[in-house]
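Worksheet for the structure shown next.
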Amino acid sequence: MKNIVKILALFVCCSVFKAQQTEVSVVKYEDLEKRIQQEHDKLLVVNFWSTTCGPCVKELPHFMEVNTKYAGNQMYKMILVSLDRSADKERVIKFIKNKNLTAEVLLLDDIKRMNTWIPRFEKDWDGNIPVTLFYKNGSKIYFNDGEMSKEDLEKTIKENL
């Protein structure tokens, strides 16, 4: 009986752990900045993307494979920051479900101030996506401009965990 209870508990934990978001928080730049600082004790992978960006959509399955691999590590966290319009929030939620996105997704609704917040994330970022930033101990440690391969993503995580 103990084994059945353990197996059931493990199944429930795994199901909850891999659950998809059914709601997406709409945030401004300052909220995202605070959210990044809250994870100061982790290696934080922050990917900027959009449902209408071909290279973004192409790399997301690799990001989810890697996220699943490291999700049990207390020192790791991935956040996907959608740059879709807030009016397209329902489309983003459907996309999360259809693409089985297991990382936390935020919708950054701050397009009018993008010339202000983009250089605050990275001075060399020209505004194109996808872009992936890595933070450790609250400080940016790596910037990847453009599509990122699964191998490069894993290598960067392994080197910094």
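The values are calculated or read from the model by the stated rules, or taken from the named source; none is laboratory data. Computed from a predicted structure; not experimentally measured. Don't worry about glycine lacking a Cβ; one is built from the backbone with ideal geometry, like all the others, and counts go over all protein chains shown. Only protein heavy atoms, including side chains, enter the accessible area calculation; ligands, DNA and RNA are left aside. Shrake-Rupley method; radii C 1.70, N 1.55, O 1.52, S 1.80 Å.
Under 18 Å Cα to Cα from K140, which aspartates and glutamates show up? Leave out anything in the same chain fewer than 8 places away.
E30, D31, E33, E39, D41, E122, D124, D126, D152, E154, E159
Using a simple charge model, +1 on the beta-carbon of Lys and Arg, -1 on the beta-carbon of Asp and Glu, nothing else, what dipole does the chain show about its Cα centre, in debye to the nearest 20?
Its charge dipole is roughly 580 debye.
For the pair D152 and N98, what calculated FRET efficiency results from E = 1/(1 + (r/R0)^6), where r is the Cβ-Cβ distance and R0 = 30 Å, to the nearest 0.05?
So, using R0 = 30 Å, E works out to roughly 0.75.
In degrees from 0 to 90, rounded to the nearest 10, what is the angle of the helix 29-38 Cα long axis to the longest principal axis of the chain?
Here the helix axis deviates by roughly 40 degrees.
For the chain, rounded, prolate or oblate, judged on the Cα gyration tensor with a ≥ b ≥ c (square roots of eigenvalues), a/c < 1.5 rounded, else prolate if a/b > b/c?
Taking the square roots of the gyration eigenvalues as a ≥ b ≥ c, the chain is prolate.
Put D31, D84 in order of accessible area, largest first, 1.4 Å probe: what do you get?
Ranked from most to least accessible, the order is D31, D84.
Please work out the FRET efficiency for the pair V57 and V26, using the Cβ-Cβ distance as r and a Förster radius of 25 Å; give the result to the nearest 0.05.
Efficiency, rounded to the nearest 0.05: 0.75.
Among the lysines, select those whose C-alpha is under 18 Å from the C-alpha of K99, and discard any that sit fewer than 8 residues away in the same chain.
List returned: K18, K58, K69, K89, K150.
Using only the alpha-carbon atoms, how far is helix 89-98 inclined from the longest principal axis of the chain? Give it as 0 to 90 degrees, nearest 10.
Helix 89-98 sits roughly 40 degrees off the main axis of the chain.
Using the alpha-carbon atoms, what tilt in degrees (0 to 90, nearest 10) does helix 54-70 show relative to the longest principal axis of the chain?
The two axes meet at around 40 degrees.
For N128, project a label point 7 Å along Cα to C-beta. Then give me every residue of region 138-158 with its amide nitrogen under 12 Å of that point.
145-147
Taking a probe of 1.4 angstrom, what is the accessible area of F143 in Å², to the nearest 10?
50
Pop the C-beta distance of T116 and S139 into the FRET formula with R0 = 25 Å and round what comes out to the nearest 0.05.
After rounding, the FRET efficiency stands at 0.75.
Given the whole protein assembly as supplied and a 1.4 Å probe, what does the accessible area of T68 come to in Å², nearest 10?
60
Which of rounded, prolate or oblate describes region 85-141 when judged by the alpha-carbon gyration tensor and an a/c cut-off of 1.5?
oblate
Report the accessible area of M75, computed with a 1.4 Å probe over the heavy atoms of all protein chains in place, in Å² rounded to the nearest 10.
Taking all protein chains as shown, M75 has close to 100 Å².
Which one of T51, P130, Q38 is farthest out on the positive end of the charge dipole of the chain, using unit charges on Cβ (Lys, Arg +1; Asp, Glu -1) and the Cα centre as origin?
Q38
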